[in-house]
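Novice: Got a structure here, written out as structure tokens. Questions coming.
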């Protein structure tokens, strides 16, 4: 069997695949994520190094005969936990939106073969809204012919939330929709303007 990785790089223990923000700062809460690169077969060769890249930039190298064995490099969005990183996994701390990207693990053998193989995996960090969408502009009483005018605003998130309007269980198209960005997070405002017909207020109630 040739020297190689039996399986592609796989995400290991991912404590949280999503990044959520706090109520106070409205910024992403810092989490950790682990990538594993352990299922490879050296056969008669000896391991020279395990090298990790993000978007083609090297950020971590493990050399069992090196001094020191572990070394990390500055790459945006990447902060290596040296204590929990080794020849089988790399643990990233303080994961943020900048941590999204393509990750690659490269396994290299010592002389005389100098064989080298690699595998890749992508990671995307998303930020969920802290709260559900809020609707404003509703009136207490409506009659046939009135214009139903409302705004629906999503909480800050990444990527931007997709808002949909439903009147009595049936989807209707919004008039306008705008997204606003702050600190890399997006808030969406969707506006609905609809002239009410008799079917809309059947049963003396409008469900929005």
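Novice: Which value in nm describes the separation of the simple spin-label points at residue 163 and residue 120, placed 7 Å from the Cα toward the beta carbon?
Specialist: For residue 163 paired with residue 120, the spin-label model returns 3.7 nm.
Novice: Next question, about the same structure. At 0.36 nm per residue, minus the direct Cα-Cα distance, what do residue 73 and residue 151 gain on full extension? Give it in nm, one decimal, please.
Specialist: 23.4 nm
Novice: Here is a follow-up. The list (i) 7, 21, 20, 16, 12, 7, 6, 5, 4, 1, 0; (ii) 9, 33, 30, 19, 9, 1; (iii) 8, 26, 20, 15, 13, 10, 6, 3, 0 gives values of P(r) over Cα pairs in 10 Å bins from 0, in percent, and only one came from this structure; which label was calculated from it?
Specialist: Comparing each candidate, only (iii) matches the computed number.
Novice: Please list, short to long, the whole-number percent of alpha-carbon pairs of the stretch 129-204 in consecutive 5 angstrom bins beginning at zero.
Specialist: Distribution as computed: 3, 14, 24, 22, 15, 10, 7, 4, 1, 0 percent.
Novice: Between residue 97 and residue 41, what is the FRET efficiency for a Förster distance of 30 Å, r being their Cβ-Cβ separation, to the nearest 0.05?
Specialist: For residue 97 and residue 41, the calculated efficiency is 0.25.
Novice: Which of 107, 117, 125 comes first, and how do the rest follow, when ranked by fewest Cβ neighbours within 10 Å?
Specialist: 117, 125, 107
Novice: Can you tell me the FRET efficiency between residue 56 and residue 84 if r is taken as the Cβ-Cβ distance and R0 is 25 Å, rounded to the nearest 0.05?
Specialist: Computed FRET efficiency for residue 56 and residue 84 comes out at 0.55.
Novice: Which order results if 147, 63, 126 are arranged by neighbouring Cβ count within 10 Å, fewest first?
Specialist: Fewest-to-most Cβ neighbours within 10 Å comes out as 147, 126, 63.
Novice: Then there's this: Arranged by the count of other C-beta atoms within 10 angstrom, fewest first, what order do 165, 52 take?
Specialist: Ranked by crowding around the Cβ, least crowded first: 165, 52.
Novice: Sticking with this structure for a sec: Please sort 38-45, 86-93 by packing, taking for each peptide the average over its residues of neighbouring beta carbons within 10 angstrom, highest first.
Specialist: So the peptides 38-45, 86-93, ranked by packing, come out 86-93, 38-45.
Novice: Then there's this: Can you figure out the FRET efficiency of residue 139 with residue 179, using R₀ = 30 Å and their beta-carbon distance, to the nearest 0.05?
Specialist: 0.65
Since every read-out is calculated from the coordinates, none of them should be taken as a lab result. Small disclaimer: the values here were computed from a predicted structure and weren't measured. Positions of Cβ are backbone-derived with ideal geometry, glycine not excepted, and every protein chain shown enters the neighbour counts.
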